[in-house]
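J.: Before anything else, here's the structure in question.
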Amino acid sequence: MVDIIGYLAAICMVCGYMPQAIYTMRTRDTDGIAMPTFILMFLGSVFFIIQGIMLGNAPLWITNLITGTCSAIVFCIKIYNDYFKNKR
């Protein structure tokens, strides 16, 4: 039962996070995104990945691997837009 709840939570987290990540990746629009948010979300995901691996909890580390990767991608797009694109 605990694993089922974990997998349901993982599905909800990924499905809740993916629309924003996909939108940002497609449009490259990061004007409304706060950089500290994605830094902290990425770091939180890294720590949850470590915890999930240490506990042997697959839903925990798989979910955070997905959301952490998306956070890193959005962060990189944000850095590009804020520092390189605006300098042109």
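J.: Can you tell which of 66, 10, 24 lies farthest toward the positive end of the dipole of the range 3-88, using +1 and -1 charges on the Cβ of basic and acidic side chains (Lys, Arg; Asp, Glu)?
T.: Result: 24, furthest along the dipole toward the positive end.
J.: Rounded to the nearest whole Å³, what is the per residue volume of the convex hull around the Cα atoms of the chain?
T.: That works out to 77 Å³ per residue.
J.: Under the Karplus relation 6.51 cos²θ - 1.76 cosθ + 1.60, θ = phi - 60°, what is the ordered set of whole-Hz ³J(HN,Hα) values for the range 53-69, x standing for Gly and Pro?
T.: Ordered by residue, 3J(HN,Hα) equals 5, 5, 8, x, 9, 4, x, 5, 6, 5, 4, 6, 5, 5, 5, x, 4 Hz.
J.: Is there a quick way to get the dipole size of the chain? I mean about its Cα centre, with the Cβ of Lys and Arg at +1 and of Asp and Glu at -1; what is the value in debye to the nearest 20?
T.: Dipole size: approximately 420 debye.
J.: Over every pair of different alpha-carbon atoms in the range 1-52, take the mean of 1/r and invert it; report that Kirkwood radius in Å.
T.: In the range 1-52 this quantity evaluates to 12.8 Å.
Every number here is computed from the coordinates shown, using simple stated rules; none is lab data. Computed from a predicted structure; not experimentally measured. Cβ coordinates were reconstructed from backbone atoms using ideal geometry, including for glycine residues, and neighbour counts include every protein chain displayed.
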